[in-house]
1. Among the residues that make up region A:513-535, is at least one of them assigned to a helix (DSSP H, G or I), touching a Phe, Trp or Tyr at 6+ places or on another chain (Cβ under 6 Å), away from chain B (no Cβ under 14 Å) and modelled with pLDDT of 75 or more?
2. Does A:LEU77 satisfy being among the hydrophobic types (A, V, I, L, M, F, W, C), assigned to a helix (DSSP H, G or I) and touching a residue at least 24 places away in the same chain (Cβ under 8 Å)?
3. I'd like to check something: does region A:245-253 contain any residue that is farther than 27 Å from A:HIS71 by Cα, modelled with pLDDT under 80 and surrounded by fewer than 21 Cβ atoms within 10 Å (Cβ to Cβ)?
4. Which count do you get for residues in region A:269-286 that are touching an Asp or Glu at 6+ places or on another chain (Cβ under 9 Å) and part of a strand (DSSP E or B)?
5. Return yes when B:ILE23 is crowded, with 17+ Cβ neighbours inside 10 Å and not hydroxyl-bearing (Ser, Thr, Tyr) and no when it is not.
6. Which residue is farthest from the chain's Cα centre (by Cα), if the candidates are limited to region A:98-111 and must be part of a strand (DSSP E or B) and crowded, with 16+ Cβ neighbours inside 10 Å?
7. Would you point out which residue out of B:ARG71, B:ARG93, B:ARG30 is more than 14 Å from every other protein chain (Cβ to nearest Cβ) and among the basic types (Lys, Arg)?
8. Give A:VAL628, A:VAL639, A:VAL572 a once-over and let me know the one that is touching a Leu at 6+ places or on another chain (Cβ under 7 Å), of a type in the set (A, V, I, L, M) and surrounded by 16 or more Cβ atoms within 10 Å (Cβ to Cβ).
Amino acid sequence: MRLMLKHKILGMACIAALLPAVVMLLLARMQQSRISSTVRDDLNGLVHANIKQLALDVYHSCEVTNEFIRHQVGDNLKVAEKVLKDAGPLRLSADKTVWHVVDQYTGSSGSVNLSKMTLGGKWIGHNNRMSVSTPVVDEVQSLVGGVCTIFQKMNEGGDMLRVATNVQTTENMRAVGTYLPAVHSDGTPDPVISVVSRGETFLGRAYVVNEWHICAYRPILDGNGHLVGMLFVGIPVGRIASLREAIMSVKVGDSGHVFVMGGEDKSKARLLIPLEGYRDGDNLWETKDLEGKFFIQSIIHKALTLKNDGVDFERFLWKQKGNNAPAMVTAAIAYYEPWDWIIVANAYEGEFHEARDKLESSLRGLFWWSVVTMIAATGVALVIAFFLTGKITAPIGKITAVAQQIALGDLKTATQSVVSAGASGNVAAGNSGAALPNQDETGQLLQAIRTMTQNLNSLVGQVKQSSIQLVSTSTEIAAAAKQQSATVNDFGASTNEVVTATREISATAQELLNTMNDATQMAGTTASLAGSGRSGLADMEANMRQLVDATRSISGKLAVISDKANNIYSVVTTITKVADETNLLSLNAAIEAEKAGESGLGFSVVAREIRRLADQTAVATLDIEQIVKEMRTAVSAGVMEMDKYAEEVRRNVSEVGRISEQLETIIGQVQALTPRFESVNRGMHMQAEGAQQISKAMAGLSDAARQTADSLREFNKATELLNEAARGLRNEVSRFNVSD
Amino acid sequence: MLMLVFQLGKDRYALETSHVVEIVPSLVLRKLPHAPEYIAGIFNYRGTIVPVIDLCQLTQDRPCEDCLSTRILLVQVRGDHGSSRCVGLRAERMTETLKVSESDLVSPGIAVADAPYLGKLINDAQGMIQCIRVEHILPRKLTDSLFQEAMEQA
């Protein structure tokens with residue numbers, strides 16, 4: 001398929017618009033997945049780092065708190081000693097009292113009979129109710145907080161019984177009656193009692209009743225220096241409100257938490273700082289995640305192997321807060337050994353993936369926006385391309401049409417097309433000088449085509465004219481050549497004729513020569529004859545003169561007759577006039593008589609009579625007049641005849657004289673002719689010779705004429721060729737229809 | 001009544017003598033330049049200037065022959081306003097009168113539009129004589145010019 005320029009440009013525009021967009025899309029697609037995975041990794045790392053940091057933070061908080069509490073406990077102990085001292089001397093009275101005692105670890109109970117412990121002489125008693133105050137311990141608690149207990153040595157073994165305390169049991173009772181065994185059930189000595197037994201103060205962590213405390217134990221000695229009991233102050237670790245709140249307020253992500261559980265012994269897997277949905281002290285040992293994994297056991301196992309501030313991780317599937325959907329949770333595990341705390345900071349991975357999801361969705365959005373933009377850009381590009389294509393291809397189409405017209409030779413239509421192409425759209429110029437509104441390349445091309453067309457037009461027109469002129473000129477040349485050829489042929493013929501004529505002249509000259517000889521003789525004879533003629537003429541002249549005289553006398557007599565006739569004529573005329581006037585008079589008279597009526601009747605008769613007489617007179621005079629007229633005519637004719645005759649005679653006389661003179665002249669001339677004839681004779685000879693020479697020259701001239709005729713024939717052929725060439729040229733050029 | 005007989009060319013014509021003032025010989029006339037050819041000229045008739053019409057010229061397209069018998073007939077012509085003028089008519093062979101009665105006049109039976117002056121016919125031994133109606137003899141233009149002066153005076 002052949003693509004039009006328009007389609008090519010449109011295609012180009014489409015490709016130009018689409019290609020970057022497609023490449024951009026591909027890149028965006030690739031970039032999207034890469035960014036996505038990178039973000040996932042980064043986020044995972046971030047989550048790990050975050051929760052690890054949280055776990056460590058809690059760990060370090062614990063360390064700091066531990067240190068701080070140890071100091072506080074030391075101080076508290078001093079306060080307690082002071083309070084105890086102020087309360088009065090602590091004595092064991094002689095009175096005994098029975099204590100129902102319970103081992104705080106094993107729970108085994110028994111009863112023992114002990115001396116009453118007095119304070120300032122007052123028995124402390126068995127106060128196990130919180131509502132009733134117990135001296136010293138409650139005072140200490142009110143002063144410094146925490147808990148305070150006074151132990152009494154139960155036996156020699158060293159078991160220590162709480163006799164006054166504000167440590168609470170699980171039943172919220174004062175834990176009096178519980179005791180701290182000197183030797184545990186597994187045979188190991190109690191660390192506190194072993195220190196106190198040596199008379200030293202114990203400072204550290206201890207399990208009190210049912211929870212761990214940071215505490216201090218000081219031995220109470222009697223006056224003899226025997227150990228009778230010990231004073232205890234402590235702060236339960238799990239109830240350090242600030243730390244607890246700090247830990248509980250920690251959030252990881254939206255719903256991630258930090259919780260703390262015990263690691264060993266009784267508090268193993270027991271919640272110390274709880275999660276949501278659990279309470280303090282809940283045992284999590286058997287807890288499974290949604291996949292059925294005992295993840296708590298795994299966490300505890302991992303935690304107990306950690307050293308100092310080492311951190312390990314655990315992942316498990318857990319239901320998400322709010323919608324209970326399963327979600328992966330990552331937990332960072334730290335173990336604070338001094339407190340046997342397993343610190344677990346967990347975070348729902350999904351919450352951190354939100355950022356990633358947002359990023360991905362925004363990337364997806366970007367992708368789709370790119371697609372939309374691409375389509376829009378392509379559309380706009382297409383529209384613009386369509387518009388521009390129209391702009392570009394329309395003039396080119398016109399130019400193509402013009403070029404085809406030029407190719408077909410229709411320059412007239414081409415010129416009109418060029419002019420109209422200028423008029424429509426951007427070329428609005430009837431003349432070549434007008435500026436084009438569009439001066440881009442197509443406009444310039446159109447201008448160039450127009451100039452070319454005009455030049456071609458004028459060129460072809462000139463060629464046409466030239467060819468026509470050439471044809472006519474060559475035709476004229478041919479005609480002229482033919483004419484010249486004919487002329488030359490005629491010339492040849494004429495030359496031949498001249499030769500012939502010259503020969504004839506030569507012959508004639510010879511004949512003339514002979515004739516001249518005869519003429520010379522004849523001239524001599526003529527001279528003698530003329531002489532005799534002249535004498536005859538002299539006699540004739542004398543006769544003529546007598547005749548003239550006779551004629552003159554006849555003429556005179558005729559003149560006399562003429563005069564007489566004239567006289568008669570004048571008389572007759574007079575008579576006629578009289579008759580006429582008479583007639584006139586009679587007419588008037590008759591008229592007047594008529595007018596007069598009856599009285600004029602007689603007069604009218606007279607008038608008629610007069611008129612009759614006048615008429616008769618007139619008739620008579622008319623007859624006379626006629627006769628006289630005839631006579632006058634006759635005389636006049638006679639006179640004229642005589643005059644003519646006399647004239648004739650006179651003329652004859654002069655003629656005779658003139659003839660006589662002429663004869664004399666002829667005689668002289670004839671005598672003079674003879675020598676002239678001789679010279680003519682010589683001339684004739686020379687003429688004959690000259691004629692022969694002319695004849696020879698003419699023969700040469702004839703040859704030349706023949707050669708000229710040949711040359712002219714060749715020239716004629718060349719002219720015909722020229723004519724044919726010119727005609728061919730004109731036919732070629734006539735293909736072009738030129739405007740006028 | 002008495003008729004004056006004359007010739008125009010070969011034809012004879014007659015005019016009633018009651019219209020005639022006088023017959024005078026054909027005398028030398030004063031020519032009027034640029035006048036129509038049928039006006040032969042003017043002459044002084046006893047102190048009055050009289051125009052002369054050549055009837056031969058008028059009817060035959062040639063002037064009258066210069067003969068003694070060619071004469072001038074003075075007639076009285078009436079104008080439209082009652083005024084009258086003396087006009088000379090030149091004709092040939094004006095030598096005879098003829099006495100006729102009214103019954104001798106014969107109508108020609110044909111009227112020529114361009115020649116309203118032709119009247120009735122008289123037969124005699126020598127042939128027909130055409131009567132001339134003198135009141136129509138003058139061309140209209142001439143009549144107007146003749147009486148123009150009179151009209152102006154009136």
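The values are calculated or read from the model by the stated rules, or taken from the named source; none is laboratory data. Note that the structure is predicted; figures quoted are calculated from it, not measured. Ideal geometry is used to build each Cβ from the backbone, glycine not excepted, and the neighbour counts take in all protein chains shown.
1. Yes; the residues of region A:513-535 include at least one that is assigned to a helix (DSSP H, G or I), touching a Phe, Trp or Tyr at 6+ places or on another chain (Cβ under 6 Å), away from chain B (no Cβ under 14 Å) and modelled with pLDDT of 75 or more.
2. Considered against the rule, which asks whether it is among the hydrophobic types (A, V, I, L, M, F, W, C), assigned to a helix (DSSP H, G or I) and touching a residue at least 24 places away in the same chain (Cβ under 8 Å), A:LEU77 comes out as yes.
3. Yes - at least one qualifying residue is present in region A:245-253.
4. Residues flagged as touching an Asp or Glu at 6+ places or on another chain (Cβ under 9 Å) and part of a strand (DSSP E or B) within region A:269-286 amount to 4.
5. Working: crowded, with 17+ Cβ neighbours inside 10 Å: yes; not hydroxyl-bearing (Ser, Thr, Tyr): yes.
Answer is yes for this residue.
6. Taking region A:98-111 and keeping what is part of a strand (DSSP E or B), we get A:98-103, A:109-111.
Narrowing the set further to residues that are crowded, with 16+ Cβ neighbours inside 10 Å leaves A:99, A:101-103.
Details: A:TRP99: 112, A:VAL101: 108, A:VAL102: 104, A:ASP103: 103 Å.
In this case the residue turns out to be A:TRP99.
7. Values: B:ARG71 fails: more than 14 Å from every other protein chain (Cβ to nearest Cβ); B:ARG93 fails: more than 14 Å from every other protein chain (Cβ to nearest Cβ).
Exactly one residue qualifies, and that residue is B:ARG30.
8. Every option except A:VAL639 fails the conditions.
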